[in-house]
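Participant: Please see the structure below; I have some questions.
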Amino acid sequence: QVQLVQSGAEVKKPGASVKVSCKASGYTFTSYYIHWVRQAPGQGLEWMGIINPSGGGTDYAQKFQGRVTMTRDTSTSTFYMELSTLTSEDTAVYYCARRERFDYWGQGTLVTVSS
Amino acid sequence: QSALTQPRSVSGSPGQSVTISCTGTSGDVGGYNSVSWYQQYPGKVPQLMIYDVTKRPSGVPDRFSGSNSGNTASLTISGLQAEDEADYYCCSYAGSGYVFGTGTKVIVL
């Protein structure tokens, strides 16, 4: 069965970076794009960007341009999302989701930014 | 990209129908047949309910249906059930990425 398993919760200080992983299984890794979506406490869903698992090409939301990097490791079927220069407003649950229709989601990774 | 506009909440009694609107622009909802809808319970992961405006993944009850007209997409829940009380989000392809709606809480009276 399709699974996206994300890394555990993180606590970071303002100005630091965080790298969240998303390990895919149950399907052909290179077949479907992966999105990254975040949700701040009590807020809605926010699209951050997308990565092509075949060539590694990316497309980021304008809001995160210059601060986010999405990569993948085909040898381990794992996707990564790194967000830099963190502020308290980056405190959120970060999700990976598969395919243009977001048909499968990871369990979410809580990133807390606090001094 | 600005978030798509959804009503903050809609409500209905069991058995009734409710419709959630999702208003965007010709650059997103009105320009592509790529609107999807997600159900999210508090503290849980979003679940795909509708994709490509009208298509329903296997396992999603046929009480859920989608449509669109111009720059507005809609999700209709027919025969409302207590378990349908949750938050619902629309999402549209927007040419240079994707954009989510502001979210709607469905309240079952």
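Just so it is clear, none of the values below were taken in a lab; they were calculated from the coordinates. The structure displayed is predicted, hence computed values, not measured ones. Note that each Cβ is placed from the backbone with ideal geometry, even for glycine, and that neighbours are counted across all protein chains shown.
Participant: Calculate one ³J(HN,Hα) per residue across the stretch B:14-19 by plugging θ = phi - 60° into the Karplus curve 6.51 cos²θ - 1.76 cosθ + 1.60, and present them in order as whole Hz with x for glycine and proline.
Facilitator: Calculated HN-Hα couplings, in order: x, x, 7, 10, 10, 10 Hz.
Participant: Considering amide H positions built from the backbone, and no H for Pro or chain starts, which residues 5 or more places from A:LEU110, or on another chain, come under 5 Å of its amide H?
Facilitator: Correct list: A:ALA9, A:GLU10, A:TYR94.
Participant: Rounded to the nearest 0.05, what FRET efficiency do B:THR76 and A:ASP73 give with R0 = 45 Å and r taken as the Cβ-Cβ distance? Could you check? Display every interim value, and only then the final one.
Facilitator: On the way: r = 42 Å, r/R0 = 0.93.
After rounding to 0.05, the efficiency reads 0.60.
Participant: Restricting attention to chain B, give the cysteines that have no other cysteine Cβ less than 4.7 angstrom from their Cβ.
Facilitator: B:CYS91
Participant: Roughly how many nanometres apart are two label points built 7 Å out from the Cα toward the Cβ at B:ARG63 and A:GLN3?
Facilitator: So the two model labels end up 3.1 nm from each other.
Participant: When you count, for each residue, the other Cβ atoms within 10 Å and take the mean per peptide, how do A:31-42, A:68-79 rank with the highest first?
Facilitator: Details: A:31-42: 18.4, A:68-79: 16.6.
Ranking, from highest mean packing down: A:31-42, A:68-79.
Participant: So if R0 is 25 Å, what FRET efficiency would A:ASP103 and A:GLN62 give, r being the distance between their Cβ atoms, rounded to the nearest 0.05?
Facilitator: Efficiency at R0 = 25 Å is approximately 0.50.
Participant: Can you compute the FRET efficiency between B:GLU85 and A:THR87 using 1/(1 + (r/R0)^6), with r the Cβ-Cβ distance and R0 = 30 Å? Round to the nearest 0.05. Could you put the intermediate results ahead of the total?
Facilitator: Details: r = 34 Å, r/R0 = 1.13.
Here the calculated transfer efficiency is 0.30.
Participant: Could you give me the ³J(HN,Hα) list for the stretch B:22-27, computed from phi with Karplus coefficients 6.51, -1.76, 1.60 and θ = phi - 60°, whole Hz, x at Gly and Pro?
Facilitator: 9, 9, x, 9, 5, x
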